[in-house]
Amino acid sequence: MKTYLGYGTGDFGLNIYWNALSLILVFWYAEVVGLSPDAAGLIYFIGMAWDAVSDVVIANLTQRTRTRYGTYRPYLAIGGVILGAAFVLLFWVPPLEGWILMVALAMAHILFRLAYTIVAVPYSALASRLSFDSRERTVLSGTRMAFAFLGLLAVSGLWFPIVRFFGDGTDESPTGFLVAALLGGIIATIALQACFLFTRERTLETLHERPADLSFRGFWRAVRANRALQVLLLAIFLQSGAGASFLIPLAFYIEAHAADFARKEAVMTAYAVATLASIPVWTAVIRRFGKRLGWISACWVVISAGLLLALLGPVLIGGLPLQILLYGVGFSGFGVLVWALVPDTVEFGQWKSGTRNEGAVFGSVLLSQKTAGGLAGLLVGTVLTAVGYDPDLARQSLETADRLELYMFAGPSILLFLSSLVILRLPLNRHIHAKIVEEIQSH
């Protein structure tokens, strides 16, 4: 239990950062700094593109590390402090203008993304050293996601109240954003230190394998040799694109419906509560019916939410759109599924090639997620401009709100429909994985 809770605490910290960027960053660029939606989306894409490339480098670096504290845990302790400082810098508006301001903001974003990668890659890979049992990994993933969605809940419910309290009383206060980032960075840093203290890595000798080729050529060779990983990477790319296509424009969508919806933090908190409350259900469903069927089910829950939004418009109860809550239920499933499936592909690759390359698996997964997120951020900036969103207007037109609503349905739905087809090709289930682990240990 200590291992489960300790590992989950780390994702609470990381998801303060991840959700602040997913929900807040593009909004901050456009509404607070005053950039056009196109420029905001471009800076978001640049940071994510750098992040995706650096994943490969950091994955190889971390897997080479050998210390008395383990291979991955030291990065949480040291990198966590650097990451907190970079997060505060990300939400500082430098006294610059024009293209020089854009360059400065892009550099701050790149710095943060590099610091995030230094922590997130080893944190994700750590799961493969905590347990080698597929069912235990589902519980570990479920616990991790419970803490992750607590991070989402913290950002959703507290960010804008903090901005208003420490700023000028509005949602667009630069001082308020800086204070919110400072508090978030402190809390996240403490959470990552707790993860370092309360987890222990199992050594490589507990499974028998030849040493992995830790070169970049070995990285890509390991990906090419792992059919299960290839299928999962494509499914994750599509799912991550769908999630980003929904979350990044969410604050703008709420702003466009400001006359009818509750405040941003109320809608976002309701979404976060729906995701958090659904985790035990998804964990039970996955343990009972398997990960592949769970993935398909999560896809269709989100698609159903989009269809209801497109056909009926937002159905409100107390200013809360019910379809947004249903989106939360669906996306919650992927939070459990992704990190329950990914460690299983480590053993699949080891079984096929005779070498265990955790860096290739977790580095390529994060590469897939961040590439999809970066492209979605770039697309959202373009879409906001195309639908007529104007940050200078106190209230957006009804036509703008309707067009944004159509995008939030169509984008995620198309991507998740494709993802549900891809996951059918996954050559893994719990029984196959158990046999693979047994065969590896017998050699």
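The values are calculated or read from the model by the stated rules, or taken from the named source; none is laboratory data. Not measured: the values here are computed from a predicted model. Cβ placement follows ideal geometry from the backbone for every residue including glycine, while neighbour counts extend to all protein chains displayed.
Listed values, structure above:
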| quantity | calculated |
| --- | --- |
| In region 269-284, the residues that are touching a residue at least 60 places away in the same chain (Cβ under 8 Å) and buried (at least 20 other Cβ atoms within 10 Å of the Cβ) | THR269, TYR271, ALA272, THR275, LEU276, ILE279, TRP282, THR283 |
| Pick from region 95-130, criterion under 21 Å from SER364 (Cβ atoms) and modelled with pLDDT under 90, ranking: surrounded by the fewest Cβ atoms within 10 Å (Cβ to Cβ) | LEU130 |
| Residues located in region 403-438, provided they are within 11 Å of VAL231 (Cα to Cα) and surrounded by 18 or more Cβ atoms within 10 Å (Cβ to Cβ) | SER419, VAL422, ILE423, LEU426, LEU428 |
| Residues that are surrounded by 20 or more Cβ atoms within 10 Å (Cβ to Cβ) and in a helix (DSSP H, G or I), drawn from region 315-324 | GLN323, ILE324 |
| Residue count, region 131-145 (criterion: hydrophobic (A, V, I, L, M, F, W, C) and buried (at least 23 other Cβ atoms within 10 Å of the Cβ)) | 1 |
| Given (1) within 26 Å of LEU326 (Cα to Cα); (2) among the charged types (D, E, K, R); (3) modelled with pLDDT of 90 or more, number of the condition ASP402 does not satisfy | (3) |
| Residue count for region 371-418, restricted to those that are hydroxyl-bearing (Ser, Thr, Tyr), under 20 Å from the mean Cα position of the chain (by Cα) and closer than 12 Å to ASP38 by Cα | 0 |
| Set GLY381, GLY354, GLY388: member being in contact with a strand residue (DSSP E or B) (Cβ under 7 Å, 6 or more places away or on another chain) and over 20 Å from LEU233 (Cβ atoms) | GLY354 |
| Search result, residues across region 147-176 that are touching a residue at least 12 places away in the same chain (Cβ under 8 Å) and polar (S, T, N, Q) | SER156, SER173 |
| Subset of region 28-84 (residues that are of a type outside the set (S, T, N, Q), out of contact with any Asp or Glu (no Cβ under 9 Å at 6 or more places or on another chain) and not in a helix (DSSP H, G or I)) | LEU35, ARG66, ARG68 |
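Residues checked against (1) within 30 Å of VAL383 (Cβ to Cβ); (2) surrounded by 17 or more Cβ atoms within 10 Å (Cβ to Cβ); (3) at pLDDT below 90:
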site	(1), (2), (3)
CYS195	no, yes, no
THR203	no, no, yes
SER215	no, no, yes
GLN239	yes, yes, no
TYR253	yes, yes, no
